[in-house]
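Can you read through this structure? Questions will come right after.
We did not get these values from a lab; they are worked out from the coordinates using the rules stated. In this text, all values refer to a predicted model and were calculated from it rather than measured experimentally. Here the Cβ positions follow ideal geometry from the backbone for every residue, glycine too, while neighbour counts run over all protein chains shown.
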Amino acid sequence: MSGEARGLSRREAIARLLGAGMVTTVGADLLEAFAAPATLPYRPRFFGDDDFRTVAAIASRIIPTDETPGALEARVEEWIDFFTAAAEDERQSLYRLGLARLEAWCQERHAAAFMALDNAQQDEALTSLGQLSPEFFEAIKGDTIVGFYTSEIGLRELNWGGQTFHTECPGCTHPEHLQAEPLFRPSGRPPAP
């Protein structure tokens with residue numbers, strides 16, 4: 001029986017877990033953000049509505065929906081928002097400035113916001129962003145990849161089988177990763193030199 005069925009709301013349960021020292025405030029924030037029913041819309045913690053939609057559009061250009069689900073279906077923008085809200089001021093500034101530079105470039109070049117551009121224009125804007133603000137572009141690209149491949153959808157795409165030991169990485173085709181030796185074998189001993 002769920003806590004709510006016993007008369008205990010999610011918020012009360014999280015407060016009790018915090019009080020008992022069973023979760024940290026970051027853990028409580030994670031529970032609150034990602035344990036909410038899927039029927040409730042996500043409320044951004046860091047980005048304003050326009051920037052949140054722009055982050056979603058950028059993530060969707062980085063990992064688009066094709067024959068398989070992309071960043072949009074994995075709700076990567078929610079992960080990026082949550083992660084950025086909890087980040088240091090430096091990372092938050094990187095996102096604010098990067099999004100502002102992107103919008104300024106779009107206004108200068110197309111007299112429109114990033115969200116109003118077609119796919120080809122958005123791709124052009126992101127290519128330019130990689131030159132105008134390479135740190136921001138690398139950050140949002142990396143956050144999109146981490147957000148996607150740690151989501152249920154991304155893990156399914158990798159054929160992740162759970163907490164099991166693999167001698168190779170399922171789904172990975174990078175040659176440099178295929179030759180990697182694990183630091184510890186299932187026996188718990190390091191590999192022989």
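What full-extension length gain, to one decimal in nm, is calculated for Arg101 and Asn119 as 0.36 nm per residue of separation minus the Cα-Cα distance?
Details: separation 18, 0.36 × 18 = 6.48 nm, distance 1.86 nm.
Result for the pair: 4.6 nm of gain on full extension.
Sticking with this one: Would you mind calculating the gained length between Ala86 and Val146 on full extension (0.36 nm times residue separation, minus the Cα-Cα distance), in nm to one decimal? Spell out each step's value before the answer.
On the way: separation 60, 0.36 × 60 = 21.60 nm, distance 1.57 nm.
Fully extending the segment from Ala86 to Val146 adds 20.0 nm.
Could you go through the stretch 90-100 in sequence order and give the Karplus-derived ³J(HN,Hα) for each residue, using 6.51 cos²θ - 1.76 cosθ + 1.60 with θ = phi - 60°, rounded to whole Hz, and x for Gly and Pro?
4, 5, 4, 5, 4, 5, 4, 5, x, 5, 5
Indicate the gyration tensor shape class of the stretch 49-157 (rounded, prolate or oblate), computed on the Cα atoms with a ≥ b ≥ c the square roots of the eigenvalues: a/c under 1.5 is rounded; otherwise a/b larger than b/c is prolate and the rest oblate. Present the calculation step by step, with values, prior to reporting the outcome.
Numbers: a/c = 1.98, a/b = 1.25, b/c = 1.59.
Verdict is oblate for the stretch 49-157.
A follow-up question, please. Using the basic label-point model (7 angstrom from Cα toward the beta carbon), what is the Tyr42 to Ser93 distance in nanometres?
So the two model labels end up 2.7 nm from each other.
If each residue of separation counts as 0.36 nm, what is the full-extension length gain between His174 and Arg61 once their alpha-carbon separation is subtracted?
Taking 0.36 nm per residue and subtracting the Cα distance, the gain is 38.5 nm.
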